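Chemist: Structure below; questions to follow.
Just so you know, all these numbers are worked out from the coordinates, no wet-lab data involved. Since the structure is predicted, the reported quantities are computational estimates derived from the model, not experimental observations. In this analysis, Cβ positions are derived from the backbone assuming ideal geometry, glycine residues included, and neighbour counts consider all displayed protein chains.
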Amino acid sequence: MFRIAHKLRERGVIGLNARNAGYIGEQNPRRLYRLVDDKVETKRLAIEAGITVPQLYELVESQFQIRYLREKLAEHPRFVIKPAKGSQGDGIIVIDKPIVGGWRKSGGGRLTWDDIAFHLSNILSGMYSLGGQPDCVIIEERVEFDPLFEKVTFHGVPDIRVVVYRGVPAMGMVRLPTRESDGKANLHKGGVGVGVDLASGRTTFAMQHGAPIDEHPDTGEPISGIEIPGWTHLLKLAALSFEMTGLGYVGVDLVLDRNKGPMLLELNARPGLAIQVANRVGLRGRLDKIDAARESLGDLDARVAFSQTTFRAELDALPNGTRQ
Amino acid sequence: MRSRHVFALSLVLAFIGLSVFVYKVWVLDFPLEEDASSQNWSLELKATFRADGGPVKAHVMAPQAGGYFSVYQENFISPGFGLTQGGDDVSNNRQFVWSIREAEGEQSLYYRAIVYQFTRSTGLATDPPSHAKNRREFASTAEEAAIHALLREATERSADNETFIATLKSFLNDDILSGNAAMLIGRAAPLKDRVDLAVRVLNEAGIDARTVHGVALHKTARVTPIIHWFEIWNGREWTPHRLLFEVTAPTESFLPWWRGDHPMIDVEGGGGVRIGVAVSQRAESAITSAMLRGDVTTSPVTKFSLYNLPIESQLVYRVLLLIPIGALVIALVRQMIGIRTFGTFMPVLIALSFRETELFWGIVLFTVVVSMGLLVRFYFEHLKLLLVPRLASMLVVVVLLMACVSLLSESMTLDVGLSVALFPMVIMTMTIERMSVLWEEHGAKEAIIQGLGSLGVAALTFTVMSLPHVEHMVFTFPELLLVLLATLLVIGRYTGPRLTELYRFRHLAKR
């Protein structure tokens, strides 16, 4: 047991205690949490900064608005229902298309209008928000994901998570939905996490439920070696979160839309630590390097360039044999 | 930088706490261990009778503090009846009178009390004997002769008062009596008659004695018999003596209820009186004689000691001061082990209620109520209710569930009424709600694991809070909580891995 702890420390793997006390505590002032916990705020900031976001169709803020929503939803065949203050993917429903009697959920299953109205009501009452606070409902555009990840996705939209420390991208991973995760890219629910080499934008290792895997559990296709186009541009969007919010330890969730290109889904002030497992390397080493070089890094481009040169996957290890 | 600030602050707090503690122990002689700790008992007397339709006066005896016992929190429960203290001539007993202007039919009166039983006696009764009362007239010359014969018999076979008493007792200990004793009260005389006889003989012999009646606080019993023994005046105080007939409990467990020839209950205006006494042992903490006397050994400077508060306040603080201990356990379990619970401090409140129900029954009660609550919650899903009314409905259901469970379970003793009231129903409702949301979003396994985790942490917290010296130390030395606070501050800057993380990231340690 202590051996595991020692090895983990050696490899720079940080746990929740270290993240909370050391990094989040230091870098994220509490008064700024609002900007990322409330997805409506985040959208506003993103639009101001010129970053594309999924279009907000409707914002439901009170119970009586629900009944008027039915007609409005008819205008949009596909959409996503999200609690504005939710976390960990709770309360999110992704709708594929309208069918007889209701709508079809991404990943299967039918919802009637009553189901949807009930769900909206729950969200408004704060069932999915932190601390049970009253909440709003976001009905937004459902992203048409780029065919890049088609072979390794089971319904739903895969997204790209980049952890940005003090404005410098530190680590990245792709999150792929599975049947188990009900079409959501959330790792807690059974999605697949894939490490990404920051230098090239190529996927490296994959894992599900914290254990390494080689193929997608539903499609059986290999996961590593996929190259993400426009990767540098994606990293710049991610690094922009620092200018946008002022938070020094952020998880940036991006998604590649077939038509609109990279879009910002949401920001996370308490990004999870599974990204270390997906990349098979600890965060601490990278964070320390950023701390050492931060003074000398000026603008956005310099920060991203630093990231791409310093954090190459070869420097850690590759799945097919080459060890450091 | 921040860490240094925290460490400095905690050092200061720990230093203050420890220095006051050391001062109290070395200079002021505060005891590090409890002296004369006690068992707690719940006592209930139920008296039923048939009222004749007119005014009713029911005189009932109440136990008094003294010797090994202290009596607290008395409750007289008698709907419709008025209660007054005192009554007719009852010598040094404590008597209450229930009265009502008009009553007909079956009536039930209840007396309930909490009794603390010490391991060392706080002293015996010292009221001087009144010779006039103790001497009774003889019913007949035959009786007089028999008693004198018995007295002579015992005297001949003994050398002094002490051996006389022992000899007399030996006559009355036999299952089947013989000789003069048998002639007076019958061969298979009950305990009460034997004790009465012993006292009569002793009084005739010039030794002041009186009968004592009460119950043995020995083990929990739904129906516990009234037992009888006697006390002998040795010039300074009344010493208890008992016969070795019928009753096997030790003498120290005898709670004196009333003394002398009076009945326990006497009803004017009614008949068919039946009485039953139930006793049950409580799991709650001990009270010390220090708390009762309001002093701690013989030291003078105890102005700021919590022992100077009235007993009821002391009892409250004893529990309150344990809460930081519970918080420490939770902080450790969460930060070092990584167990998540439904609600950060919910286990502390559950643990506090375990103090009323005992650990095993507490766990059973918790599990049953949460499981049934979940069933109801899943049903509520179909009803599509708004959130807050749904939560409120769950709360009502939980309260009803608690009531049903305690009514149905036979092995729950009369304390159930108290423990049900204190079991944190609101906490349970929130636990059920969170558990069901987790169940829906993340699956049954996750929900059950976290549920068991919460219960486990509650049980652990309870165990730590019940460790023998913990309560005494925290109550006698509340400054130690500063040390506890210092520890918590340090834990607040702990950046090491949690135990659960060692498992979660185990693949990263391989290769």
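Chemist: Scale the Cα Rg of the stretch B:199-283 by the rule-of-thumb value 2.2 N^0.38 Å and send over the ratio, two decimals. Intermediate results must be reported in sequence, preceding the final value.
Modeler: Numbers: Rg = 14.9 Å, N = 85, 2.2 N^0.38 = 11.9 Å.
Cα-based Rg divided by the globular estimate yields 1.26.
Chemist: A further question follows. Which is farthest toward the positive dipole end of the stretch B:39-124 among B:103, B:77, B:121, measuring Cα position about the Cα centre, with Cβ charges +1 (Lys, Arg) and -1 (Asp, Glu)?
Modeler: B:121
Chemist: Which residues' amide hydrogens lie under 5 Å from the amide hydrogen of residue A:202, considering only partners 5 or more residues apart or on another chain, with H built in the peptide plane?
Modeler: A:197, A:228
Chemist: With θ set to phi - 60° and the Karplus curve 6.51 cos²θ - 1.76 cosθ + 1.60, what are the ³J(HN,Hα) couplings of the stretch A:173-179 in order, to the nearest whole Hz, using x for Gly and Pro?
Modeler: 8, 9, 10, 10, x, 10, 5
Chemist: Determine the shielding of peptide A:20-30 by partner chains: average, over its residues, the number of Cβ atoms on other chains within 10 angstrom of each Cβ. Walk me through the intermediate numbers first.
Modeler: Details: counts 4, 9, 4, 1, 0, 4, 2, 0, 0, 0, 0.
Per-residue shielding by partner chains comes out at 2.
Chemist: Right, something else. Place the peptides B:108-117, A:23-32 in order of packing, highest mean first, counting for every residue the other Cβ atoms within 10 Å and averaging per peptide.
Modeler: On the way: B:108-117: 19.7, A:23-32: 14.8.
Result, highest mean Cβ count within 10 Å first: B:108-117, A:23-32.
Chemist: Beyond 15 Å, how much of the Cα-Cα pair distribution for the stretch B:180-246 remains, as a whole percent? Mind dumping the intermediate values first?
Modeler: Numbers: 1261 of 2211 pairs.
Value for the stretch B:180-246 (Cα pairs over 15 Å): 57 percent.
Chemist: Ok, one more. With charges only on Cβ, +1 for K and R and -1 for D and E, what is the dipole size of the stretch A:1-146 about its Cα centre, in debye, rounded to 20?
Modeler: About 600 debye.
Chemist: The stretch A:46-96 to the stretch B:434-511: how many Å between their Cα centroids?
Modeler: Value for the Cα centre distance between the two parts: 38 Å.
Chemist: Using a cut-off of 12 Å between beta-carbons, work out the net charge of the residues near residue B:111 (Lys and Arg +1, Asp and Glu -1, residue B:111 not included). Spell out each step's value before the answer.
Modeler: Values: positive: B:46, B:94, B:112; negative: B:44, B:74.
It works out to a net charge of +1.
Chemist: Which of the helices in chain B meet the span-like rule: DSSP H, Cα axial reach of 24 Å or more, Kyte-Doolittle mean at least -1.0?
Modeler: Taking the DSSP H segments of chain B (at least 24 Å long, mean hydropathy at least -1.0), we get B:2-26, B:359-383, B:387-408, B:425-442, B:444-466.
Chemist: Ok, one more. Give the shape of the stretch A:192-321 as rounded, prolate or oblate, defined through the alpha-carbon gyration tensor: a ≥ b ≥ c are the square roots of its eigenvalues, a/c under 1.5 means rounded, and otherwise the shape is prolate if a/b is larger than b/c and oblate if not. Spell out each step's value before the answer.
Modeler: On the way: a/c = 1.68, a/b = 1.35, b/c = 1.24.
Since a/c reaches 1.5 and a/b is larger than b/c, the shape of the stretch A:192-321 is classed as prolate.
Chemist: Ok, one more. Got a sec to turn the phi values of the stretch A:185-194 into Karplus ³J(HN,Hα) couplings, 6.51 cos²θ - 1.76 cosθ + 1.60 with θ = phi - 60°, whole Hz, x for Gly and Pro?
Modeler: In residue order, the calculated couplings are 7, 6, 5, 4, 9, x, x, 9, x, 10 Hz.
Chemist: Next question, about the same structure. Rounded to whole Å and sorted largest first, what semi-axes of the equivalent ellipsoid does the C-alpha gyration tensor of the stretch B:329-405 yield via the square root of 5 times each eigenvalue? It would help to have the intermediate numbers written out before the result.
Modeler: On the way: eigenvalues 135, 64, 21 Å².
After scaling each eigenvalue by five and taking roots: 26, 18, 10 Å.
Chemist: Right, another one. Charges only on Cβ, +1 for Lys and Arg, -1 for Asp and Glu: so what's the dipole of the protein assembly as shown about the Cα centre, in debye to the nearest 20?
Modeler: Numbers: 87 positive and 88 negative charges, 615 e Å.
Charge dipole of the protein assembly as shown: 2960 debye, to the nearest 20.
Chemist: Can you give the Rg/Rh ratio of the stretch A:27-100, where Rg is from the C-alpha atoms and Rh is the Kirkwood radius? Provide the component values of the computation, followed by the final result.
Modeler: Working: Rg = 14.6 Å, Rh = 14.3 Å.
My calculation puts Rg/Rh at 1.02.
Chemist: Normalised by the empirical 2.2 N^0.38 Å for globular proteins, what value does the Cα Rg of the stretch B:140-180 take? List each step's numbers first, then the result.
Modeler: Numbers: Rg = 10.7 Å, N = 41, 2.2 N^0.38 = 9.0 Å.
Its radius of gyration relative to the 2.2 N^0.38 Å reference: 1.18.
Chemist: Just need the relative contact order of chain B here, percent rounded to a whole number, with Cα pairs under 8 Å and 6+ apart. Please list the in-between numbers first.
Modeler: On the way: 783 pairs, mean separation 105.6, N = 511.
Once normalised by length, the contact order is 21 percent.
Chemist: How big is the stretch B:150-212 along each principal axis, measuring the range of its Cα positions in Å and listing the largest first?
Modeler: Extents along the principal axes, in whole Å: 29, 24, 15.
Chemist: Using the Kirkwood radius built from alpha carbon pairs, what does the Stokes-Einstein equation give as D for chain B at 37 °C and 0.692 mPa s, in µm² per second? The partial results should precede the final answer.
Modeler: Working: Rh = 27.6 Å.
In µm²/s, the coefficient rounds to 119.
Chemist: Please give the calculated 222 nm ellipticity per residue for chain B, where each DSSP H segment of at least 4 residues contributes -39500 (n - 2.57) and the sum is spread over every residue; nearest 500 deg cm²/dmol? Before the final figure, lay out the partial values.
Modeler: Details: 19 runs with 242 residues, N = 511.
The per-residue figure over chain B is -15000 deg cm²/dmol.
Chemist: If you don't mind, there's one more thing I want to ask. Given the stretch A:151-248 reduced to its alpha-carbon atoms as identical point scatterers, what log10 I(q)/I(0) does the Debye formula return at q = 0.12, 0.15, 0.24 Å⁻¹?
Modeler: Relative scattering, expressed as log10 I(q)/I(0), comes to -0.39, -0.59, -1.17.
Chemist: Calculate the radius of gyration of the Cα atoms of the stretch B:308-353 to one decimal place, then report Dmax, the largest Cα-Cα distance, as a whole number, both in Å.
Modeler: 13.2, 41
Chemist: So how many Å³ per residue does the convex hull of the Cα atoms of the stretch B:425-511 work out to?
Modeler: Values: hull volume 14.4 nm³, N = 87.
Spelled out: Cα convex hull of the stretch B:425-511, divided by residues, is 166 Å³.
Chemist: Once amide H atoms are placed 1.01 Å from N in the peptide plane, what residues at a sequence separation of 5 or more from residue A:265, or on another chain, have their amide H within under 5 Å of its amide H?
Modeler: A:253, A:254, A:255
Chemist: How well do other chains shield peptide B:486-496, expressed as the mean number of their Cβ atoms within 10 Å of each residue Cβ?
Modeler: Values: counts 0, 0, 0, 0, 0, 1, 4, 4, 5, 11, 8.
What the average comes to for B:486-496 is 3.
Chemist: Of B:455, B:429, B:496, which is farthest along the charge dipole of chain B in the positive direction, counting Lys and Arg as +1 and Asp and Glu as -1 at C-beta?
Modeler: B:496
Chemist: A further question on this structure: Once you have a ≥ b ≥ c as the square roots of the Cα gyration tensor eigenvalues for the stretch A:62-166, tell me rounded if a/c is under 1.5, and otherwise prolate or oblate according to whether a/b is larger than b/c.
Modeler: Details: a/c = 2.17, a/b = 1.14, b/c = 1.90.
Oblate is the answer for the stretch A:62-166, as a/c is 1.5 or above yet b/c matches or exceeds a/b.
Chemist: If you don't mind, another one. Using the Karplus curve 6.51 cos²θ - 1.76 cosθ + 1.60 with θ = phi - 60°, what ³J(HN,Hα) values do you get for each residue of the stretch B:265-273, in whole Hz, with x for Gly and Pro?
Modeler: 9, 9, 10, 9, x, x, x, x, 6
Chemist: Charges on Cβ only, +1 for Lys and Arg, -1 for Asp and Glu, centred on the Cα centroid of the stretch A:76-161; of A:147, A:123, A:137, which one is farthest towards the dipole's positive end?
Modeler: A:147
Chemist: What's the Cα-based Rg to Rh of the protein assembly as shown, Rh via Kirkwood?
Modeler: 1.15
Chemist: With just the Cα atoms defining each centre, how far is the stretch B:334-355 from the stretch A:24-45? Give it in Å.
Modeler: 29 Å
Chemist: For residue A:171, enumerate residues with amide H under 5 Å from its amide H, sequence gap 5+ or separate chain, H modeled in the peptide plane.
Modeler: Answer set, sorted by chain and number: A:163.
Chemist: Please identify every one of the trypsin sites (Lys or Arg not before Pro) in the stretch A:160-192 that sits in a loop by DSSP and has no more than 16 other beta carbons within 10 Å of its own beta carbon. Numbers along the way, then the final one.
Modeler: Values: sites: A:161, A:166, A:175, A:179, A:184, A:189; in loops: A:166, A:179, A:184.
Listed in order of number, the matching sites are A:179.
Chemist: Turning to a different aspect of this structure: If you keep only loop residues by DSSP, which chymotrypsin sites (Phe, Trp or Tyr not before Pro) in the stretch A:220-265 have at most 13 other Cβ atoms within 10 Å of their Cβ?
Modeler: Details: sites: A:231, A:242, A:249; in loops: none.
Filter output for the stretch A:220-265: empty list.
Chemist: Translational diffusion coefficient, Stokes-Einstein: compute it for chain A using the Kirkwood radius over C-alpha pairs as Rh, at 37 °C and 0.692 mPa s, and state it as an integer in µm² s⁻¹.
Modeler: Details: Rh = 20.3 Å.
Roughly 162 µm²/s, to the nearest whole number.
Chemist: Report, to the nearest 10°, how far helix A:300-310 tilts away from the longest principal axis of the Cα atoms in chain A, using its own Cα long axis and a range of 0 to 90°.
Modeler: Roughly 60 degrees between the two axes.
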